[in-house]
Amino acid sequence: MNVLHVIANPRPAETSKSKKLALEFFTTLTEKNPDVLVNNVDLYQNKPPFVTVEALNYFWGPVADPAYNPAKAEETAANYSNNNAQALVDADVLVLTLPVWLNSMPSILKAWIDQVIVPGKMFNMGPEGVVPTHHLRTVVLLVSSDEIYKEGDVLDGLTPALRAIFGYIGVDDIQIAWADGQDSVRHFDSAERFEMAAEAAREIAEEIAELS
Ligand SMILES: Cc1cc2nc3c(=O)[nH]c(=O)nc-3n(C[C@H](O)[C@H](O)[C@H](O)COP(=O)(O)O)c2cc1C
């Protein structure tokens, strides 16, 4: 089983709550299933560029016109996508490690998504719309935040967005371990909240470890 771990957090592991959740998750996963192949991708070590019009032409040109032949500049603009999307195409499980920033995901993660969830890689366009070309089954979110977001909270700009993005390519199984209320000044129980999220991360890892 291939697990792609995408890290969208510039903080070092020692001071990052979401990276601590990731440590819990991957320790359990590799203990329970030593055969799992984990590919760690730290977006801050290899930053995705924003999509340009040349890259858009490269991604969507063949959808509009099967005879589309990219210009050199269009091909160059798609370098990041061409070098990095395959890791997601090959993944059975995607794990995203991230903090909540401004009620949403860090923009570097959205930039990565814009580069890799493109036609010709994760899907093709058929007469009835998106035809997935990947075998991704589950997306796991390992998240940390200072606020406590309620179920269906209008301020939660993270999980509805990620559900919509992965639903677009046919992945509806989103598992979440979320350490919320991590501002210990405002939340006396931040440590307990972290421990609950760590337990959720370990439980999700145990389930993933069982997948064949
Ligand atoms: C730029 C920035 C924006 C933030 N915005 C939010 C926010 O909108 N909601 C929230 O709950 N926490 C917010 N936080 C707090 C972080 O989500 C929180 O401290 C989290 O635990 C950080 O995760 P980390 O320790 O893995 O970096 C923000 C932090 C930063 C640095």
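Observations
- Karplus-based coupling profile of the stretch 196-212, in residue order and whole Hz: 5, 5, 4, 5, 4, 4, 5, 5, 4, 4, 4, 5, 5, 4, 7, 5, 9, with θ = phi - 60° in 6.51 cos²θ - 1.76 cosθ + 1.60 and x standing for Gly or Pro.
- The HN-Hα couplings worked out from phi for the stretch 127-133 by the Karplus form 6.51 cos²θ - 1.76 cosθ + 1.60 (θ = phi - 60°) are x, 9, x, 5, 10, x, 10 Hz, whole numbers, x standing for Gly and Pro.
- Relative contact order of the chain, taken over Cα pairs closer than 8 Å and 6 or more residues apart, is 26 percent.
- Which listed pairs, of Lys47/Lys72; Lys19/Lys72; Lys72/Lys110; Lys20/Lys121; Lys19/Lys110; Lys17/Lys47, have C-alpha distances above 28 Å, in listed order: Lys19/Lys72; Lys20/Lys121
- Additional length obtainable on full extension of the chain from Ala164 to Glu147, 0.36 nm per residue less Cα span: 3.9 nm
- Semi-axis lengths (Å, descending) of the ellipsoid that matches the C-alpha gyration tensor of the stretch 2-210: 32, 18, 16
- Expected 222 nm ellipticity per residue - DSSP helices of 4 or more, -39500 (n - 2.57), all of the chain, to 500: -12500 deg cm²/dmol
- Formal net charge of residues neighbouring Ala87 (Cβ-Cβ distance under 15 Å; K, R +1; D, E -1): -2
- Highest to lowest packing among 61-70, 139-148, 111-120, scored as the average C-beta count within 10 Å: 139-148, 111-120, 61-70
- Each peptide among 84-91, 36-43 gets the average number of other Cβ atoms lying within 10 Å of its residues, and from highest to lowest they stand as 84-91, 36-43.
- Each part reduced to its alpha carbon centroid, the stretch 140-212 and the stretch 39-107 end up 24 Å apart.
- Theoretical FRET efficiency, 1/(1+(r/R0)^6), r = Cβ-Cβ of Val131 and Ser184, R0 45 Å, to 0.05: 0.40
- Share antiparallel - DSSP beta bridges, the chain, percent rounded to 5: 15 percent
- Between 0 and 90°, nearest 10: helix 17-32 axis offset from the chain longest Cα axis: 80 degrees
- With a Förster radius of 22 Å applied to the beta-carbon distance between Glu207 and Lys47, the computed FRET efficiency rounds to 0.10.
- In order through the stretch 50-62: 3J(HN,Hα) via Karplus (6.51 cos²θ - 1.76 cosθ + 1.60), integer Hz, x for Gly, Pro: 6, 5, 9, 5, 5, 5, 4, 4, 5, 5, 9, x, x
- For the chain, the longest principal axis of the alpha carbon atoms and the long axis of helix 79-89 meet at an angle near 60°.
Read-outs throughout are calculated quantities, based only on the coordinates presented, and are distinct from any laboratory measurement. Everything numeric in this text was worked out from a predicted model, so none of it was measured. As a convention, Cβ positions derive from the backbone with ideal geometry for all residues, glycine included, and neighbour counts pool all protein chains shown.
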